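The values are calculated or read from the model by the stated rules, or taken from the named source; none is laboratory data. Owing to the predicted nature of the structure, the values given are computational and were not obtained by experimental measurement. With ideal geometry, Cβ positions are generated from the backbone for all residues, glycine too; neighbour counts draw on all protein chains shown. Note: areas computed on protein heavy atoms with side chains; ligands, DNA, RNA excluded. Shrake-Rupley method; radii C 1.70, N 1.55, O 1.52, S 1.80 Å.
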Amino acid sequence: MSKINTKLAVAVFDLQQVIQLPISKESALYYHRRLSVFNFTIYNIGNRECQCFLWSEVISKKGTNKISTCVAKYLHHLDNQGFKEVRLFANGCGGQNKKLIVFALLLHFIDNSKQVHQVVLSFFETNHGQSEGDSAHSCISTAISAAGDIFIPSQLPPIIRLARRNFPYVVFKMNTEGFLDYKSCAEKLRLRVTRITGLGGKDRLD
């Protein structure tokens, strides 16, 4: 449908399996503390563009706020390209995608967008989450395996970018300042509230 309607963007997003560095054939490195690197991908089904947002645990952990920031950057990218409608698909991971923070991001974006007037977020049925994004993850994993020794995160962007040589992936290196606080946004919109538990304690509804 997005191939016919040039004002409609359809995309899937997901986190790739955590990349553990260093990667080497030296067996002694296997027993050392390894660094976790996260790669969040958004794959546009219509034009096959794939954007990868890359950061390590030194920069930040993975979580809903990080996912929301990456999705927001992608939505602004579509908005600047003149798209009117966006349909996003994701798996039903409760710890990442089905949080009120994500919906706060979408509301905030719609209130401030220039061209996009509708964003629809849909979730795959349980055990039926395979999508075009998985092919990108597979391609990237194969490229990393064939790259030889990888010791630091700065080696990953060119490997990921050229994992698909005929249409290179777009890689963004995220930093600490680049992640936005959509938790506060959710609270301002009164989507993220505090409830009193049965034991008298307080709990956040995310």
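A probe of 1.4 angstrom, applied to the heavy atoms of all protein chains, finds CYS50 with accessible area near 0 square angstrom. Go ahead and run the numbers for FRET between VAL18 and THR176, Cβ-Cβ distance against an R0 of 30 Å, rounding to 0.05. Plugging the Cβ-Cβ distance into 1/(1 + (r/R0)^6) gives 0.95.
Net charge of the neighbourhood of PHE38, taken over other residues with C-beta under 14 Å away and scored Lys/Arg +1, Asp/Glu -1, is +3. To the nearest Å, what is the center-to-center distance of region 12-53 and region 151-183, using C-alpha atoms only? Rounded to whole Å, the Cα centres lie 9 Å apart. When all alpha carbon pairs of region 30-161 are counted in 10 Å bins from zero, the resulting P(r) reads 10, 37, 35, 14, 3, 0 %. Ranked by the mean number of other Cβ atoms within 10 Å per residue, highest first, peptides 171-177, 150-156 order as 150-156, 171-177.
Applying a threshold of 22 Å to the alpha-carbon distances of LYS73/LYS183; LYS114/LYS173; LYS62/LYS183 flags LYS114/LYS173 as lying beyond it. Once the C-beta distance of GLU125 and SER27 is scaled by a Förster radius of 45 Å, the resulting FRET efficiency is 0.60 to the nearest 0.05.
Distance between the pseudo-spin-label points of GLU49 and SER145 (7 Å out from Cα toward the beta carbon): 3.0 nm.
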